[in-house]
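J.: Below is a structure I'd like to ask you about.
Just so it is clear, none of the values below were taken in a lab; they were calculated from the coordinates. Predicted model, so just to flag it, every value in this text is computed and none were measured. Please note: Cβ atoms are built from the backbone with ideal geometry, for glycine as well, and neighbour counts cover all protein chains shown.
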Amino acid sequence: MKKHDCSEFLCEHKKKWVNNTPCFVINKNQLSDTLEDIKRLLPGEILYSLKTNNYPFIIKTVSSKKCGFLLSSMEEVYKLVNHYGIDPKKILFQSPSLTDKQFKKVKLLGVHRFVIDSWKQLELITSSLGEFSQKPQLLVRINTGVKVNNPELTYSSDSFLGFPIKEAMKVFEHLSNLRNQDLITLGVHNHLLSQNTYKGLWKKNLSTISNFVKELKKNKIKLDIADFGGGYPVEYSSPIPSLDEISKLIVKTTKEIKTIYPHIHFIFEPGRKVVGESISLIGQVVHKKKFLDNNIAILNCSVYTTSMDTLIVNLKLAAKKIGGDNKNMENYVLRGSTPDSLDVFSKCSSLPGLNSGDNIVFLHAGAYSFYSDFLSLKKPDYIII
């Protein structure tokens, strides 16, 4: 994948953001390049997971690249179909809390592709097959049961979503009759975890999916779609397997599946990988102080409006000082602007000596930068360069 030097890029375009901190900066060329790389490396349909970042420019860019969307709320569907003119055929809907009321509204908006997470959802959707304007696609989410034994992984795989393997087979057997009558298009869906940085875990989970698909074939179940979900990682503070490395594992699995289901359609759901690396957060040092042996830099932005991942999963964004040299490096605690004890971007960032007015960039800040209304703070603006 093409590398972009963030510090050089921000210095080059300083006039566009310097009077607007705190702010997010979107490198539009990097966003475009990332989407092109994803489309080139992953052998199937790309559905952007909108919950990762729903900023309008991102929606328009994803759509311009002929990618679809994974949506999880009625409000998301309404916004994309009615405000952005997204074809509902390009939408896959997934929500473990899908109600009858929500289902009817989403269906009326033209969505016909659904991930099934429970028997209740299966009953809800299959009881309304005659009400769809086109043949519905039903993707049964399987939970492979693959456990994370790597303490460095930030996210847990214990989502309790989907069907355990044995139960999932019963779901497919139940739906097989509808598929044989050509009333539905049938698929398998899996998503292990977000930010999967462990190559061995990718191998194990893909192998489990492949083996499950082989069992479907043995049971003479027709399969039209295999959705591998997301999990493609972004580099924060530790090295990660590249998308190229992960895609080779995926391609190996898809080739195996193609030998038994030659006409199967593959789907991938990148979210974090699409936007994470092309968006930076810029804050400014408002004040610095010494607390015992710690250097404290207080910024004009808060994790509550910029980086909730920092709180929820203890994921720390790498920080750099914009401009200057890398001499006289010191360790800093980078505190957010509120008095809350959790408002900390980093407890140990090695940076050149900081002073009030210095600008700090947090790299790869584009994913899950949702915000709360804590202290009625405003979410920083986006600047597109």
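J.: Ranked from highest to lowest mean number of other Cβ atoms within 10 Å per residue, what is the order of the peptides 113-120, 248-255?
T.: 113-120, 248-255
J.: Roughly how many Å is it from the Cα centre of segment 354-385 to that of segment 279-338, as a whole number?
T.: For segment 354-385 versus segment 279-338, the Cα centre distance is 11 Å.
J.: Out of [x] 122; [y] 161; [z] 144, which label holds the value of volume of the Cα convex hull per residue in Å³ that was computed here?
T.: Only one option fits the structure, namely [z].
J.: Moving on to the next point. Given the -39500 (n - 2.57) contribution per DSSP H run of 4+ residues, what per-residue ellipticity at 222 nm results for the chain, rounded to the nearest 500 deg cm²/dmol?
T.: Taking each H run of at least 4 residues, the total per residue is -9000 deg cm²/dmol.
J.: Oh, and also: If you take every residue apart from Ser127 with its C-beta less than 14 Å away from the C-beta of Ser127, what net charge results, scoring Lys and Arg +1 and Asp and Glu -1?
T.: Combined, the nearby Lys, Arg, Asp and Glu give 0.
J.: Pull up the DSSP beta bridges for the chain and report the antiparallel fraction as a percent, rounded to 5.
T.: 40 percent
J.: Place +1 on the Cβ of every Lys and Arg and -1 on the Cβ of every Asp and Glu in segment 11-97, take the dipole about the Cα centre, and give the residue among Pro22, Leu71, Ser97 whose Cα lies farthest towards its positive end.
T.: Pro22
J.: What does the charge count around His287 come to, taking other residues whose C-beta lies under 12 Å from its C-beta (Lys +1, Arg +1, Asp -1, Glu -1)?
T.: Value of the local net charge: +3.
J.: So for Phe374, Phe345, fewest C-beta neighbours within 10 Å to most, what's the order?
T.: Ordered from fewest to most neighbouring Cβ atoms within 10 Å, Phe374, Phe345 come out as Phe374, Phe345.
J.: Given +1 on the Cβ of Lys and Arg, -1 on the Cβ of Asp and Glu, and no further charges, what dipole in debye does segment 43-269 carry about its Cα centre, rounded to the nearest 20?
T.: That gives segment 43-269 a dipole magnitude of about 480 debye.
J.: A further question follows. Could you point to the residue in Thr338, His287, Val303 farthest towards the positive end of segment 279-384's charge dipole, with +1 and -1 charges on the Cβ of Lys/Arg and Asp/Glu respectively?
T.: His287
J.: Kindly rank 67-78, 275-286 from highest to lowest mean number of other beta carbons found within 10 Å of each residue.
T.: 275-286, 67-78
J.: Once the Cα atoms of segment 43-269 are picked out, what are the Rg and Dmax in Å?
T.: 17.2, 51
J.: What is the local net charge at Met329, summed over the other residues whose Cβ is closer than 12 Å to its Cβ (Lys, Arg +1; Asp, Glu -1)?
T.: In short, +1.
J.: Right, something else. How do 330-336, 47-53, 232-238, 355-361 rank on mean C-beta neighbours within 10 Å, highest first?
T.: Ranking, from highest mean packing down: 47-53, 330-336, 232-238, 355-361.
J.: Expressed as a whole number of Å, what is the distance separating the alpha-carbon centroids of segment 74-148 and segment 1-50?
T.: Rounded to whole Å, the Cα centres lie 30 Å apart.
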